[in-house]
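Since the structure comes first, as structure tokens, the remarks are kept for the end.
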Amino acid sequence: MKIIERIRQSKKTLLSLEVLPPLKGKSIQSLFNSLDVFKDFKPSWINVTNHRPDIVKRPVGILGRTRNIEIRKRPATIGVCAALMNRYQIDAVPHIICAGTTVHDIEDTLIELNFLGIDNVLALRGDLAKNESCFTPKLDGHRYALELVKQIQLLNDGHFIDEGFEIDHNMNFCVGVAGYPEKHFESYDQEEDISFVKEKVKAGADYIVTQLFFDNKYYFDFVARCRNAGVTVPIIPGLKPLTTKNQLRILPKTFHITIPKDLVHAVESCNTDIAVEQVGVEWLTQQSKDLQQSGVPALHYYTMGKSNAVEKVLKIIF
Ligand code: FAD
């Protein structure tokens, strides 16, 4: 079922989860184990992230020349989606990224998804490559998520990249896109940031999922700016538990977000990892309660190996 239809039909705040595909070499069982604990909370869908390949230099031939090779550390986004649907009878939402892909790769992926009965995608540009200061698309790839949304909508309308195919059915993907309550780090200012979000929605995005945030004020302000700009689609808050002291440094750097002073002080005064996790769980519980009370369409939790902390929050919220 399409995410947008689920949201429209529900009178209460839904629950969605986000997971990473296992690292290459690892089995899917560890992912199942971390998700089994959520069965009782009846999540409405699960997002599966997508990771661009790393470029590594490898020697080739007897002359010892090196060649750039693309290696994905976390392959199989689509395979994981199929496995989750099979195990949990749940809608899985694969992330489709422009990074490291050509328009033809994307078209092939969408055909594969259609055959698997997956009609939801989250359309993203993708993270920068390591050592990249500015995003470089592949030759024949998209520069912005906007172009990806347009490609998906063209396919929904029966237009493939190359002409000459006989089409006997229509694809009909429901498309989510990303939004940034504290603005995307490459946007000049909030106004510009919202104008690009608006373009993605105008191109056919059905809903928005936000970057994580630790102060709900950022989310509410972002929603207000979107509504003022005429963006009316559902905006789903993305949430993550803070579970280690290290994250006080890493999360702002990685995701370009701020951590409120009260939370920083509470975490810094902890003497054990267990105490930090307790603080993180209490903070996220309060965030979730406030958002739920305000009537958000869904609460989207980035679980990322932190199932226990998220589970503690869900026991109170759902
Ligand atoms: P875009 O919407 O293309 O925006 C990128 C930048 O370009 C922004 O600064 C924007 O302001 C600017 N811009 C947009 N359109 C235009 C335009 N027409 N002209 C000029 N400038 C423009 N990354 C992954 O690699 N894999 C994942 O699975 C993944 N999942 C994510 C899930 C969520 C919910 C979120 C919020 C992010 C996720 N990311 C993921 C990270 C995301 O790929 C990065 O934040 C990336 O830097 C931007 O992606 P985007 O889709 O928002 O890009």
* Structure fact -> Of the conditions (1) within 15 Å of the ligand (Cβ to nearest atom); (2) more than 21 Å from the chain's Cα centre (by Cα), the single one that Cys81 does not satisfy is (2)
* Asked: Hey, Arg125 hits all of (1) of a type in the set (D, E, K, R); (2) over 19 Å from the mean Cα position of the chain (by Cα); (3) within 18 Å of Ser187 (Cβ to Cβ) but one; which does it fall short on?
  -> (2)
* Check Pro297 against each of (1) closer than 23 Å to Arg8 by Cα; (2) surrounded by fewer than 21 Cβ atoms within 10 Å (Cβ to Cβ); (3) not charged (D, E, K, R) and name the one condition it does not meet. => (2)
* Subset of the stretch 149-175 (residues that are touching a residue at least 40 places away in the same chain (Cβ under 8 Å) and either near the ligand (Cβ under 8 Å from one of its atoms) or of a type in the set (D, E, K, R) (or both)) -> Lys150
* Odd one out for Tyr219, checked against (1) away from the ligand (no atom under 16 Å from the Cβ); (2) in a helix (DSSP H, G or I); (3) among the hydroxyl-bearing types (Ser, Thr, Tyr); (4) buried (at least 19 other Cβ atoms within 10 Å of the Cβ) -> (1)
* Checking Glu282 against (1) crowded, with 18+ Cβ neighbours inside 10 Å; (2) charged (D, E, K, R); (3) more than 19 Å from Ser16 (Cα to Cα), which test does it fail? -> (1)
* **Cβ pairs under 9 Å, 6+ apart, first in the stretch 222-239 and outside any strand (DSSP E or B), second aromatic (Phe, Trp, Tyr)** => Phe222/Tyr180; Phe222/Phe213; Val233/Tyr207; Pro234/Tyr207
* Which residues, taken from the stretch 245-290, are among the small types (Gly, Ala, Ser) and either in contact with a Gly (Cβ under 6 Å, 6 or more places away or on another chain) or under 14 Å from Ala309 (Cα atoms) (or both)? -> Ala275, Gly280, Ser288
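So which strands (runs of 3 or more DSSP E) stay within the stretch 1-119 end to end and still have 1 or more residues that are of a type in the set (Ser, Thr, Tyr)? Can you show your working first?
Working: elements: 14-19, 45-48, 54-60, 65-71, 91-97.
Counting at least 1 such residues, we get 14-19, 65-71.
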* Asked: Has the stretch 192-208 got any residue that is over 30 Å from Val281 (Cβ atoms), more than 15 Å from the ligand (Cβ to nearest atom), crowded, with 16+ Cβ neighbours inside 10 Å and aromatic (Phe, Trp, Tyr)?
  -> no
* Asked: Of the residues Asn131, Asn172, which single one is surrounded by fewer than 18 Cβ atoms within 10 Å (Cβ to Cβ) and under 16 Å from Ile3 (Cβ atoms)?
  -> Asn172
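Can you tell me how many residues in the stretch 276-301 are in contact with an Asp or Glu (Cβ under 8 Å, 6 or more places away or on another chain) and away from the ligand (no atom under 16 Å from the Cβ)? Quick ask: steps written out before the conclusion?
Pass one, the stretch 276-301, residues in contact with an Asp or Glu (Cβ under 8 Å, 6 or more places away or on another chain): 300-301.
With away from the ligand (no atom under 16 Å from the Cβ) added as a condition, the list becomes none.
Of the residues in the stretch 276-301, 0 are in contact with an Asp or Glu (Cβ under 8 Å, 6 or more places away or on another chain) and away from the ligand (no atom under 16 Å from the Cβ).
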* From Ser133, Ser187, grab the single residue that is in a loop (DSSP other than H, G, I, E, B), of a type in the set (Ser, Thr, Tyr), within 16 Å of the ligand (Cβ to nearest atom) and closer than 22 Å to Val223 by Cβ. => Ser187
* Asked: Asn271 versus (1) free of Cβ contacts under 8 Å to residues at least 24 places away in the same chain; (2) in a loop (DSSP other than H, G, I, E, B); (3) within 22 Å of the chain's Cα centre (by Cα): which is the lone unmet condition?
  -> (3)
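Within the stretch 107-120, is even one residue at positive phi, touching a residue at least 12 places away in the same chain (Cβ under 8 Å) and more than 10 Å from the ligand (Cβ to nearest atom)? Lay out the reasoning, then the answer.
Of the stretch 107-120, the ones at positive phi are 117.
Filter once more, so that each one left must be touching a residue at least 12 places away in the same chain (Cβ under 8 Å): 117.
From what is left, the residues that are more than 10 Å from the ligand (Cβ to nearest atom) are 117.
There is at least one residue in the stretch 107-120 that is at positive phi, touching a residue at least 12 places away in the same chain (Cβ under 8 Å) and more than 10 Å from the ligand (Cβ to nearest atom).
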* Which of (1) closer than 21 Å to Leu291 by Cβ; (2) under 18 Å from the mean Cα position of the chain (by Cα) is the odd one out, the single condition Arg225 does not satisfy? -> (2)
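None of the figures in this text is laboratory data; all of them are computed from the coordinates on show. This structure is a prediction, so every number in the text was calculated from the model and none was measured. Note that we place each Cβ from the backbone using ideal geometry, even for glycine, and neighbour counts take in every protein chain shown.
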